[in-house]
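First up is the structure itself, then whatever we jot down about it.
The values are calculated or read from the model by the stated rules, or taken from the named source; none is laboratory data. For clarity, every value in this text was computed on a predicted model and none was experimentally measured. Please note: Cβ atoms are built from the backbone with ideal geometry, for glycine as well, and neighbour counts cover all protein chains shown. Remember, those area values only see protein heavy atoms, side chains included, never the ligands or the DNA or RNA. Shrake-Rupley method; radii C 1.70, N 1.55, O 1.52, S 1.80 Å.
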Amino acid sequence: MSFWADTAKLAETGASGRQLPIGPKSTGRMVGALSFESGAMQLKAVVRGADVPAINKSGIRLAELPATTVAGVSVAGAGPAFQKAWPQLQKFVGQLGQSQQFDSFVNAAQQQFGIKVPDDVATLLGTDLTLAVDERGLAESMQGGVSDSSGAPTLPQVGLRSTTDVSKAKALLPKLDEMLAASGAPIKLGKATGSDSMSIATTQAYADELVKGGSLGSGETFKAAVPESDKAQFGLFVDFDKIEKLYPPSLPAQSRANLTPLRAIGLAGSTTADGGTFTMRVLVN
């Protein structure tokens, strides 16, 4: 199946019959194709004439996550894009009527903890940002298990890794600890730095593993779901085979039967001067 759409006119066909009063207006055209093959469904689309955030760096590092990754998302150029979008974000918050609360939070971060926005946030996001959830400990954390004799709950292995200025990141990490402690959160984040990257995770062991890099990209499932991830500017991967054991017993039999054949989903794409391209693949067993 192939399709074409004028996205601006399509946005006007909603229940209100007009553009949303908040946020950017839809522009451009989209053309794409949906195809099926043995073991997979693929949706590929191209957008032209659209005002989209420009990403000036290619090559996400989704493939460098551990092989035990359940889900991951990666964006190239995240830090610079955040700095560029900061004025628009402030304007958007103002349209929502939340400027006072937002400004208070930003001022508190700078005055109490020395965290500068947007510069320090851009350092945290880096020139590429990858978020990940690991299979290990996920089932135990969802079932309310404890991790040691102290009775502390088992934490899911969740973390972020960014390619960034390591010297700036090292100066920023203690400030994040102070902010977390002041919030009363009952966890201590694991942190690690490498030659060109930093990681923050729910455990120190996982932070060390993230910054070291893993072999997710060598797996057949990942390669089939996210082809040519090294050329993409943004990407997503979810391994449904690793999630199956987490489906609750109360899940209806029919729903379980529909979900069980799913193997994985992957998304990869890139932006251009006036639009972008993306490919989504759904794998089945």
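Taking only pairs six or more apart or across chains, which ones have beta-carbon atoms under 9 Å, a first residue in the range 92-110 that is free of Cβ contacts under 8 Å to residues at least 12 places away in the same chain and open to solvent by 80 Å² or more (accessible area, probe 1.4 Å), and a second residue that is charged (D, E, K, R) and not in a helix (DSSP H, G or I)?
Between residues of the range 92-110 that are free of Cβ contacts under 8 Å to residues at least 12 places away in the same chain and open to solvent by 80 Å² or more (accessible area, probe 1.4 Å) and residues that are charged (D, E, K, R) and not in a helix (DSSP H, G or I), the close pairs are Q110/K116.
Out of curiosity, is A257 open to solvent by 30 Å² or more (accessible area, probe 1.4 Å), small (G, A, S), part of a helix (DSSP H, G or I) and under 22 Å from R61 (Cα atoms)?
Judged against the criteria, A257 is not a match.
Do you know which of the residues in the range 132-154 that are part of a strand (DSSP E or B) and surrounded by fewer than 18 Cβ atoms within 10 Å (Cβ to Cβ) is modelled with the highest pLDDT?
Filtering the range 132-154 for residues part of a strand (DSSP E or B) gives 132-134, 146, 153.
Adding the requirement that they be surrounded by fewer than 18 Cβ atoms within 10 Å (Cβ to Cβ) leaves 146, 153.
Values: V146: 50, P153: 63.
Residue satisfying both the conditions and the ranking: P153.
I need the full set of residues from the range 188-203 which are under 17 Å from T68 (Cβ atoms) and of a type in the set (S, T, N, Q), in order please.
In the first step, residues of the range 188-203 are kept if they are under 17 Å from T68 (Cβ atoms); the result is 190, 199, 201-203.
Residues satisfying the conditions are S199, T202, T203.
Select from the range 260-285 the residues that are assigned to a strand (DSSP E or B) and among the polar types (S, T, N, Q) and write down the one among them that is surrounded by the most Cβ atoms within 10 Å (Cβ to Cβ).
Per the criteria, the residue is T271.
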